[in-house]
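Below is one structure, written out as structure tokens, with a few remarks after it.
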Amino acid sequence: MGEYTNAQKKIAELLIYAYCFLRYINKVMVMTQRLLNIAFSAFVLLQSLATASTNKVVITVGTQCITQVDVENRLRFLALMSGIGVTNENRYSLTQEAAKMLVQEQLELQEMTSSGLTIQDEAVNNQLAEMAGRIGILPENLDTFFKEKSIPMDTVRQFLTVQYYWPQYIKFKYPTAADVSESRIELMYKEQLSQKTKPRYLLAEIFIPVNAPSEEGSVQKQINMVHSELLKGGQFQLLAQQFSQSSSAKQGGNMGWINLELLPEKAGSIVRNMTIGQLTSPQRLDDGYVIYALVDKRLPGESSIKDTVFSVRQIIMNLDNLQEDAVTSELKKCKSCDALEAVLAKHPYIQMEKSDHVVVQQMPPQFAELLSKLNDNTLSEAIRYPQGSMYMWVCGRKIMDGIIPKDELRYRVMMQNLTQKSRSILNRLSRTILVESKDPNYKVN
């Protein structure tokens, strides 16, 4: 072969350089891909570690686990339903409350399931519908409502399941716990009649029991936290529903009109000197701590709009304007509650809540004012919500004379008996089912 020209030599050198460069680039790309794989694996590992750290088991109740995520979800639910804003100052206390509530729920759930109780979805769904009515939204919008607040529906369903089924379970398992002596009711009724010449007090309470000496410190912290929230403007009714463990809790702590003789002596002397709207500091009674609020006071012979009891229908619509106008035109023609219900029966997509014993002092002020001004068998103006409209209808009303009817007395005594039985069962369960804290930041007593 002949000699290469200078041009051919230059081309050969360039090709060699290009080949070497491409090999170098390939090695760099391989190395880069390996580094990316390592980085991705590290990211996944860190993510899994982060998830594990936030979802670690913090408490065990028997064979069941409560995770950090469970507590955080319950904390958000507790804050929402009680109207408390979570701050750096109260976060720790509220976290402990959320954990204690979950422990109690687990004890109750394990007791019920071990006895063969079957949880019916329909019953829980009815409770969800009632909750939607209290919030002022349609049941189908509950999921979105809680999702926007980062609260899983499982958290809500567990709370409502236990709240509904636990009293039912006690009545079924311990039928005598719900027994009420008719002689006791008769005595209480006659006692009311004999006290008509004395002042009567409309009281509300938040009561937290001390079931064992070891609970004294934690209960004291709990009642002080609730009292602090009340002083900041927290709603007594909402806080009572979430924290009080008396039979009045479901009614927002409302005890109704009472004579001071029915209270413990220490409590009676405190309430006697209170002014309307005043709140007591936490008081230590024989079986726990209590906060009283004096809602109203009545001298002998006085009556008040607060004594009015309404029979009410609450109607919730989620329709377009034309459909809503058509339905409300029909309802406005009704002259009785039966006629109203007959019209609504033709519209199954409209929700109606029926309440035949609504007491003014148990209502939010805006609803109390609305019902007081609304004529019987008349449709109210629309109360607008983002999710739809709500209307009120008064079927009838009556003014009580301050004397609690025997049926109401019987119900109150039954609820007191069931509450006491519940405490007794929970004390037994806490001794027989092992409850352990797996993290020092979460206390179990």
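The values are calculated or read from the model by the stated rules, or taken from the named source; none is laboratory data. Every value quoted in this text rests on a predicted model; they were computed, and no experiment measured them. In this analysis, Cβ positions are derived from the backbone assuming ideal geometry, glycine residues included, and neighbour counts consider all displayed protein chains. Just so you know, the surface numbers come from the protein's heavy atoms only, side chains and all, with ligands and any DNA or RNA stripped out. Shrake-Rupley method; radii C 1.70, N 1.55, O 1.52, S 1.80 Å.
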Requested in this report: Give the calculated FRET efficiency between Thr275 and Glu369 to the nearest 0.05, with a Förster radius of 22 Å applied to their Cβ-Cβ distance.
Outcome: 0.45
Report summary line: At 20 °C in a medium of viscosity 1.002 mPa s, the stretch 165-268 has a Stokes-Einstein diffusion coefficient, with Rh taken as the Kirkwood radius over alpha carbon pairs, in µm² per second, of 132 µm²/s
Query raised in the report: Over the stretch 401-444, what percent of the accessible surface lies on carbon and sulfur atoms, probe 1.4 Å?
Result: 49 percent
Query - trypsin sites (Lys or Arg not before Pro) within the stretch 223-311: DSSP coil, no more than 13 neighbouring Cβ in 10 Å - result: Lys232
Query - Low-density loop cleavage sites - GluC sites (Glu not before Pro) in the stretch 236-341, where at most 12 other Cβ are within 10 Å (DSSP) - result: Glu302
Requested in this report: Provide the descending list of Cα extents for the stretch 224-368 along its principal axes, expressed in whole angstroms.
Outcome: 58, 38, 24
Query raised in the report: Any idea how far apart Lys354 and Lys56 come out in nm if each label point goes 7 Å out from Cα toward Cβ?
Result: 5.3 nm
Report summary line: Mean shadow area (nm²) of the C-alpha convex hull around the stretch 87-216 is 13.3 nm²
Query raised in the report: So what's the convex hull volume per residue for the Cα atoms of the stretch 50-123, in Å³?
Result: 118 Å³
Query raised in the report: Tyr411 to Leu285: extension gain in nm, 0.36 nm per residue of separation minus the Cα-Cα distance?
Result: 43.0 nm
Query - Inter-label distance for Asp154 and Thr432, nm, one decimal - labels placed 7 Å from Cα along Cα-to-Cβ - result: 2.8 nm
Report task. Treating cross-link reach as a plain straight distance, find the lysines whose alpha-carbon is under 19 Å from the alpha-carbon of Lys335, omitting any fewer than eight places away in the same chain. Result -> Lys346, Lys354, Lys373, Lys398
